[in-house]
Amino acid sequence: MNIKINNSINFSYNKPPLIIAEISSNHNGSKKKFIDLINCAYDNGADLVKIQTYEPQDITFSKNNSIFFIKKGIWHGKQLWNLYQKAHTPFSWHEEAFKIAKKRRKIIFSTPFSIRALKFLKKFNPPIYKISSFEITDLNLINEISKIKKPIILSTGASNLNDIKNAVNIIKKHHNKIILLHCVSTYPTPIEGANIRKINYLKKNFSNSLIGLSDHSSGISSSLSATALGVVAIEKHVKLNENSKSEDSKFSISMKSLKELSKLSKEVFFSLGTKDYKKKVSKEDKETQIYRRSIYAARDIKKGERFTKNNIKTLRPALGILANNYFKLLGKKSNKNILAENVIKNSMLKTKLK
């Protein structure tokens, strides 16, 4: 089983894992640094480069309410909107990024965080799409990405088995080109929390999909452990050097470490393991599930009005009816007036969701 992108990029257990360099917010708002990160990643062993396609409104609302502030971790006290405003990759930078990859005969792809962002990204015709861990329950977004019928890389951080199955089943309505990444959505992930053996559990339960790793630890040991178990890809956030500072720098590796990972992952490729490890959500991951998506009013909704794709939207944080109930909510009637940007709750429905 394999997923071939071109003559040099082939996701397969029969070869060393492909190394994916995630740029994320490590450009720190500098287009020059963004371009440097892409070129340096290719120069230091990255097989593919990944960026992120969103603007703050694709992820959350601009509100000062306490629910829109991060309570724990390296972004403690930050407002979601302000964090994403600082961290996002401007849409205007995308064209040059894809031109660089084409000129160098390399692959670059992205994670769209909304259907709006997806529509923008499609113009560049990326050969792969990524879905982030916190969007794994946004079945509407996953469905729209799947319709394109390009390979999908899906991160599984903070997810239980049903979360993953629901997302995979949506994709399979359109195609079977799926790569699941074991992931722990703790930033940075402590070595003792990496749970690399969960890769074997994913292999057992999703034998028709390929398995890889999205590694948020600050080093490369977890990635090398995953290589030993047999994975098709390893995704790491990258920064220019150890002194680089950004919102994501604490769980990113330098170009020097990227080069070392590329070399060592090839060296350990043939030493595979066999143990299974049950895939379940850790206590730390459960605490981060608030940053998944739930359903909000996209505009004012009148009492008795039906919920449609035009008057609801899925955004973070997850408070009321969760995003994985999106299709169940369509067609239901509201039992009260609901103001725009308010979360939709089960109590607002004439007929409650079960």
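The values are calculated or read from the model by the stated rules, or taken from the named source; none is laboratory data. This one's a predicted model, so the numbers in the text were calculated from it and none came from an experiment. All Cβ positions, glycine included, derive from the backbone under ideal geometry; neighbour counts span all protein chains shown.
Taking segment 244-259, which residues are under 16 Å from ASN44 (Cβ atoms), part of a helix (DSSP H, G or I) and out of contact with any strand residue (DSSP E or B) (no Cβ under 9 Å at 6 or more places or on another chain)? Steps first, answer last, please.
So in segment 244-259, the residues under 16 Å from ASN44 (Cβ atoms) come out as 244, 252-259.
Those still in the list that are part of a helix (DSSP H, G or I) too: 255-259.
The answer is LYS256, LYS259.
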Review point. Are any of the residues in segment 99-110 more than 15 Å from PHE34 (Cβ to Cβ) and either of a type in the set (Phe, Trp, Tyr) or touching a strand residue (DSSP E or B) at 6+ places or on another chain (Cβ under 6 Å) (or both)?
Key: yes
Check your understanding: Would a scan of segment 294-317 turn up a residue that is crowded, with 20+ Cβ neighbours inside 10 Å and assigned to a helix (DSSP H, G or I)?
Key -> no
Point to revise | segment 321-354: number of residues that are surrounded by fewer than 17 Cβ atoms within 10 Å (Cβ to Cβ) and either assigned by TED's automatic domain parsing to the domain that holds GLU135 or outside any strand (DSSP E or B) (or both) | key: 19
Revision key, fill the gap. With criteria (1) buried (at least 19 other Cβ atoms within 10 Å of the Cβ); (2) touching a Ser or Thr at 6+ places or on another chain (Cβ under 9 Å), LYS31 comes up short on (1)
Exercise for review: Return the pairs, sorted by first residue and then second, in which the second residue is assigned to a helix (DSSP H, G or I) and not hydrophobic (A, V, I, L, M, F, W, C), the first residue lies in segment 249-267 and is touching a residue at least 60 places away in the same chain (Cβ under 8 Å), the beta carbons are less than 8 Å apart, and the residues are 6+ apart or on different chains.
Suggested key: MET255/ASP43; LEU261/SER223; SER265/SER223; SER265/THR227
Study note, to complete from the structure: Only one of (1) at positive phi; (2) under 18 Å from the mean Cα position of the chain (by Cα) does not apply to GLN85, and that is (1)
